[in-house]
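Have a look at the structure below, then the notes.
The values are calculated or read from the model by the stated rules, or taken from the named source; none is laboratory data. Everything quoted here is computed from the prediction, not taken from an experiment. Neighbour counts are summed over all protein chains in view; Cβ atoms, including those assigned to glycine, are modelled from backbone coordinates with ideal geometry.
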Amino acid sequence: MYLSKFITSPIVWELIARFKLMANIRQAEVRDEIGIVCLELEGELSLLKKACQWLKRKGVKVEPVEISVITG
């Protein structure tokens, strides 16, 4: 979840490019006052951790979900 100051920023793109991650947008809702994005990220574990820290420093609320994804 991120605040309105990031609504017009390409924060997901920057995250992917900066940390060399692959991303799948699972769900997203962006309004004038808040953005909520559910991302499935792939990459080196150390880079994933750094990416989460980077987001938190920017004021983005990060809620990692570590579960296996069931595909059909």
I'm checking my understanding of the structure. Among residues of segment 1-24 that are at pLDDT below 85 and within 11 Å of the chain's Cα centre (by Cα), which one is nearest to Pro64 (Cα to Cα)? Met1
Anything in segment 13-30 that is in contact (Cβ under 8 Å) with a residue 24 or more places away in the chain and over 10 Å from Leu41 (Cβ atoms)? List them, or say none. Arg18, Lys20
Of everything in segment 34-47 that's more than 13 Å from Val12 (Cα to Cα) and in contact with a Leu (Cβ under 8 Å, 6 or more places away or on another chain), which residue is surrounded by the fewest Cβ atoms within 10 Å (Cβ to Cβ)? Glu42
Cβ-Cβ below 9 Å, separation at least six or inter-chain, first residue in segment 42-56 and closer than 14 Å to Met22 by Cα, second at pLDDT 95 or above and among the basic types (Lys, Arg): which pairs? Gly43/Lys20; Glu44/Lys20; Leu47/Lys20; Ala51/Arg18
